[in-house]
Amino acid sequence: MRIGYILLLKFAIYLHMQNRLLFITSAILMVVLGTSDALRGIFSPLFLNSFGFSESEVGLIVSASYLGNLVFLLLGGVIIDRVGITKSMLTFAILMMLSLLLLLFGYVYAILVAGFFLTLGLSTLLNTTINIASDSFSSRGSLVYLNVLFFIQGIGTSGSQFLLSPYSESTAVWNATLIVLAAVLIPVLIMLSRTRVKGRENARIITEGEGETDYTALLFLVLTLSFYTIAEHGVTNYIISYGLSLGRASSEMGRYLALYSLGIMSGRLILGAIIERVGTRRMVLISLAVGTLSFFLIFFFSALPLTLLAGFAISTLYPTLVALSRKYASPSHSSRITTIVVSLASIFDIIFNFSFGFIIESAGFNISMRLLPLMMVLAMVSILPLMKGKRA
């Protein structure tokens, strides 16, 4: 933790004064986003036992949040391109604050569903907007800072799970958490109002050589992001159940899942620091190759401790692939292209997860989980056409 703190401090020092404010603002916002994303899982016992909702009703919240992601991403990209990043972030953060306060009335089921539709949709949109704004952190090292921010988001998620899980049935803690998160957004709004984010049209080093949108490249990027997210979420959602099907204890599988999360968090700090030196697309290919090997060993040979290596290898893929999508978009449409790429990948992920349950029921966990290494292989194959070319 001390090493991570020192690294974060060094990152902040090397930022220019204006960009330092944007980075600090984004860091605080990432903690809020990480925490808000975890609320649904942490407080599900509250919804079931105190609010009196059924398992199926609580399950519908997941569908509502996925729908919120798609709606806000599709609309948000257009808004960002039209009004700019700063005004968009201000608007989205205000809506996020109001949505968190709306959840105070979540004992009414319709309000709970609407609240999570809004908060999780806005969280994904703000997350993507920060990714777009990362071009302003540095002309040459934006991905370094971006991965640090995703590391900070992971602290918000894991930290809130650790601190709040013992109070998962407490209405008072639920309400207090929502109020604190909304209150933290007030200084975020103040800092955003004093921050100016450079548009991509001003960043020559990023847009040089760019003109029309390369839809073929974006198609391959969507496929890469889709297959990768399916594999990553497959581990998160199913590895404990997979281990139980092998006769492993739930506590043991929980440790392997924790190793996976630890690998992702540490990788974003360590690999994020060298990504610019290695090269963006080369780092993506290396990450996919090591990740594929790790997934293969885990699910074909039950090498479960390798979840740490798997998480470490794939740690930078999501922020990097999302950032890479802007390299193949015309500067005037980069924001909406970015959100569309994330939206399409989310649709693939939703369809697969909807189908995966039926696959498990018919084929069993041992065979079904072997689809995850296959997804990694497909992701690696999909990125190969992008390894040659002038951009990114």
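Quick check on my filter: what residues within the range 247-302 are under 19 Å from Asn366 (Cα atoms), free of Cβ contacts under 8 Å to residues at least 12 places away in the same chain and among the hydroxyl-bearing types (Ser, Thr, Tyr)? The one that is under 19 Å from Asn366 (Cα atoms), free of Cβ contacts under 8 Å to residues at least 12 places away in the same chain and among the hydroxyl-bearing types (Ser, Thr, Tyr): Ser250.
Residue by residue, here is whether (1) touching a residue at least 40 places away in the same chain (Cβ under 8 Å); (2) over 24 Å from Val144 (Cβ atoms) holds:
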residue	(1), (2)
Arg40	yes, yes
Ser44	yes, yes
Val62	no, yes
Phe72	yes, yes
Ile80	yes, no
Val83	no, yes
Ile94	yes, yes
Gly106	yes, yes
Ile111	no, yes
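Counting only helices (runs of 4 or more DSSP H) that sit wholly inside the range 239-346, those with at least 2 residues that are open to solvent by 30 Å² or more (accessible area, probe 1.4 Å) and of a type in the set (Val, Ile, Thr) are 280-301.
Residues that are surrounded by 13 or more Cβ atoms within 10 Å (Cβ to Cβ) and among the small types (Gly, Ala, Ser) within the range 157-175 comprise Ser158, Gly159, Ser160, Ser165, Ser168, Ser170, listed in sequence order.
Within the range 117-130, can you find the residues that are within 21 Å of Ser325 (Cβ to Cβ) and in contact with an Asp or Glu (Cβ under 8 Å, 6 or more places away or on another chain)?
Residue satisfying the conditions is Ser123 alone.
So which of Ala110, Ala133, Ala114, Ala93 is within 21 Å of Arg326 (Cα to Cα), of a type in the set (Gly, Ala, Ser) and assigned to a helix (DSSP H, G or I)?
On the way: Ala110 fails: within 21 Å of Arg326 (Cα to Cα); Ala114 fails: within 21 Å of Arg326 (Cα to Cα); Ala93 fails: within 21 Å of Arg326 (Cα to Cα).
Answer to the selection: Ala133.
Search the range 22-60 for residues being over 15 Å from the mean Cα position of the chain (by Cα) and small (Gly, Ala, Ser), and hand back the single one that is surrounded by the most Cβ atoms within 10 Å (Cβ to Cβ). Only one residue fits best here, namely Ser44. The residues of the range 347-392 that are surrounded by fewer than 13 Cβ atoms within 10 Å (Cβ to Cβ), of a type outside the set (Lys, Arg) and without any contact (Cβ under 8 Å) to a residue 24 or more places away in the chain, listed by number, are Ile351, Phe354, Ser355, Gly357, Phe358, Glu361, Ser362, Ile367. Scanning for something over 30 Å from Val284 (Cβ atoms), buried (at least 24 other Cβ atoms within 10 Å of the Cβ) and within 16 Å of the chain's Cα centre (by Cα), does the range 112-129 turn up at least one residue? Yes, some residue in the range 112-129 is over 30 Å from Val284 (Cβ atoms), buried (at least 24 other Cβ atoms within 10 Å of the Cβ) and within 16 Å of the chain's Cα centre (by Cα).
Within the bounds of the range 137-146, is there any residue that is of a type in the set (D, E, K, R) and surrounded by 13 or more Cβ atoms within 10 Å (Cβ to Cβ)? Checked against the condition, which is being of a type in the set (D, E, K, R) and surrounded by 13 or more Cβ atoms within 10 Å (Cβ to Cβ), the range 137-146 yields no hits at all. Only a single criterion out of (1) open to solvent by 40 Å² or more (accessible area, probe 1.4 Å); (2) aliphatic (A, V, I, L, M); (3) touching a residue at least 60 places away in the same chain (Cβ under 8 Å) is not satisfied by Leu225, namely (1). Taking the criterion of being over 12 Å from Ser315 (Cβ atoms) and basic (Lys, Arg), the residues of the range 230-285 that qualify are Arg248, Arg255, Arg277, Arg281, Arg282.
The values are calculated or read from the model by the stated rules, or taken from the named source; none is laboratory data. Remember, predicted model here, so these are calculated numbers, not experimental data. Neighbour counts are summed over all protein chains in view; Cβ atoms, including those assigned to glycine, are modelled from backbone coordinates with ideal geometry. For the accessible areas, the whole protein counts, side chains as well, though only heavy atoms, and no ligand, DNA or RNA atoms are used. Shrake-Rupley method; radii C 1.70, N 1.55, O 1.52, S 1.80 Å.
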